[in-house]
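The values are calculated or read from the model by the stated rules, or taken from the named source; none is laboratory data. All of these numbers come straight from a predicted model, not from anything done at the bench. Note that each Cβ is placed from the backbone with ideal geometry, even for glycine, and that neighbours are counted across all protein chains shown.
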Amino acid sequence: MSFDIAIFLVDFGTIYTLYLAVSLTLNLEAGFAGVPNFGKVMFVAGGAAIAGSVCGRLSAIILGLNTYGNYNSHVPLLITEINPLLRNNIPFSLALLALGILLAAGIGSAMGFLASYPAIKLREDYLGMLLLGAAQLFQIFLGGFEPLIGGTQGIEVPDVFGWADLGVGVRDLIILCFLAAFALIVYLYVERVARSPLGRTLRAVRDNETASRALGKNDVAIRRNVIIVASAISGVAGAMLTFYVGSVGSETWTRIEWTFWIWVIVIIGGAANNAGVALGAFSFTFLFKVVDQVKYQFSSYIPFDVNWLEYILFASLLILILTFRPGGILPEKSSLTLPPMQVQGIMEGRRTSTESSIKEQTLEFDPSSRKSELSSPGKS
């Protein structure tokens, strides 16, 4: 079996950026705010479903195509007409992409609000179970409600990146650039939150709700807002991957890949540490892709189906991390509210000011020092 390093790197980068973005939202919820969201797949799938469904229908209407009153039943035929037209109309393709992102963010935040409203007052264990059950219920809804994304059959999605299909791998590389920019924006935003007064408030709510309430903090509103923002970002991640693969279905997004793997990334990297989550996402994705490439070469040496190899390896890794380094590769640490160089400059300025003050006080209260200073050359 041949191995193409360029294809591997682009595929690795695509999965890494998406896992990183979703993992950072879970870190914001569970790591900083103490919200155990075991329903991440619900928000990712919600963003994917609304973006794929609405953008396809809207493009057919704008381009004047006949849907025969049932878009989902004629998707294969309609997509063959839509994609060539999008390929020659870059502004319209980018407008559809922007619309899909906005719709995904909107439905993600709405679902986050609805999920948090009955659950936010529950204790952590009940909250986690409720979100897990809500996610499973939503996937059942996607599979049973055919008008949205065709039920269990799924539907194809217009190729809004068709204009980038200029050669082998060019389209995937351009999509990777979009995803990298998205992941970078999410990282900078979450890191900014962690270093702000809001980040310290989230930690206070997480560590001691009673104390935070005594200080006038509305812990219910804070956690609700965190879930809404994190869900909006997760919805955008789902929409981006939907446009990348060109289809969406009820089984496209599984709770193993978009809930449990996300938790594994955060635990391995280090909760409440964004750099640790980035490192955890990198380590997880790299190991996963490497094992996926080489596992079939060991099929004759392994006494079980090699398709279960990744699950066994990462389950073992998770147990080892929790046993010997429960804080993750990079554990949580105090966040500086100012950049390190600015803090260093302030400390040096205070040290200089303190030394000058001590010298002045010594000259003022030590007569021998002042007499020596007055009798030195050049002094009058």
Report task. For Trp258, state whether it is within 18 Å of the chain's Cα centre (by Cα), within 30 Å of Phe12 (Cα to Cα) and in a loop (DSSP other than H, G, I, E, B). Result -> no
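Name the one entry in Phe138, Phe178 that is of a type in the set (Phe, Trp, Tyr), over 29 Å from Leu86 (Cβ atoms) and assigned by TED's automatic domain parsing to the domain that holds Val10.
Residue meeting the stated conditions: Phe138.
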Report task. All but one of (1) touching a helix residue (DSSP H, G or I) at 6+ places or on another chain (Cβ under 7 Å); (2) farther than 23 Å from Val44 by Cα hold for Phe182, so report the exception by its number. Result -> (2)
Report summary line: Here the residues within the stretch 62-76 that are over 9 Å from Pro147 (Cα atoms) and surrounded by 10 or more Cβ atoms within 10 Å (Cβ to Cβ) are Ile62, Leu63, Leu65, Asn66, Thr67, Tyr68, Ser73, His74, Val75
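Considering each of Trp261, Trp308 in turn, give the residue that is of a type in the set (A, V, I, L, M, F, W, C) and within 17 Å of Ala135 (Cα to Cα). Let's see the steps before the verdict.
Working: Trp308 fails: within 17 Å of Ala135 (Cα to Cα).
Result: Trp261 is the single residue among Trp261, Trp308 that is of a type in the set (A, V, I, L, M, F, W, C) and within 17 Å of Ala135 (Cα to Cα).
Could you pull out every one of the helices (runs of 4 or more DSSP H) wholly within the stretch 278-380 that has 3 or more residues that are within 28 Å of Arg203 (Cα to Cα) and modelled with pLDDT of 90 or more?
Result: 309-324.
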Query raised in the report: In the stretch 102-119, what residues are within 21 Å of the chain's Cα centre (by Cα) and surrounded by 19 or more Cβ atoms within 10 Å (Cβ to Cβ)?
Result: Leu103, Ala104, Ala105, Ile107, Gly108, Ser109, Met111, Gly112, Ala115, Ser116
Report task. Can you run down the residue pairs with Cβ atoms below 6 Å, 6 or more apart or on separate chains, where the first is in the stretch 112-126 and within 20 Å of Arg213 (Cα to Cα) and the partner is at pLDDT 70 or above and outside any loop (DSSP other than H, G, I, E, B)? Result -> Ser116/Arg224; Ser116/Ile227; Ala119/Leu127; Ala119/Leu130; Ile120/Val220; Ile120/Arg223; Ile120/Arg224
Requested in this report: Return yes when Leu330 is over 19 Å from the mean Cα position of the chain (by Cα) and in contact (Cβ under 8 Å) with a residue 12 or more places away in the chain and no when it is not.
Outcome: no
Report summary line: (1) without any contact (Cβ under 8 Å) to a residue 24 or more places away in the chain; (2) surrounded by 15 or more Cβ atoms within 10 Å (Cβ to Cβ) all hold for Gly167 apart from (2)
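Filter the stretch 191-228 down to the residues that are among the polar types (S, T, N, Q) and not in a helix (DSSP H, G or I), then identify the one that is nearest to Ala30 (Cα to Cα).
At the first step, the residues of the stretch 191-228 found to be among the polar types (S, T, N, Q) are 196, 201, 208, 210, 212, 218, 225.
Those still in the list that are not in a helix (DSSP H, G or I) too: 196, 208, 218.
Values: Ser196: 17, Asn208: 14, Asn218: 18 Å.
That would be Asn208.
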Requested in this report: Kindly check whether there is at least one residue in the stretch 270-284 that is assigned by TED's automatic domain parsing to the domain that holds Leu20 and over 21 Å from Tyr16 (Cα atoms).
Outcome: no
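Taking the options Gly46, Gly52, Gly39, name whichever one is in contact with a strand residue (DSSP E or B) (Cβ under 7 Å, 6 or more places away or on another chain) and surrounded by 24 or more Cβ atoms within 10 Å (Cβ to Cβ).
Working: Gly46 fails: in contact with a strand residue (DSSP E or B) (Cβ under 7 Å, 6 or more places away or on another chain); Gly39 fails: in contact with a strand residue (DSSP E or B) (Cβ under 7 Å, 6 or more places away or on another chain).
Exactly one of Gly46, Gly52, Gly39 is in contact with a strand residue (DSSP E or B) (Cβ under 7 Å, 6 or more places away or on another chain) and surrounded by 24 or more Cβ atoms within 10 Å (Cβ to Cβ), namely Gly52.
Would you check which residues across the stretch 261-277 are part of a helix (DSSP H, G or I) and not hydrophobic (A, V, I, L, M, F, W, C) and list them? So that I can check it myself, show each step before the final result.
Taking the stretch 261-277 first, the residues part of a helix (DSSP H, G or I) are 261-269, 274-277.
Across the stretch 261-277, the qualifying residues are Gly269, Asn274, Gly276.
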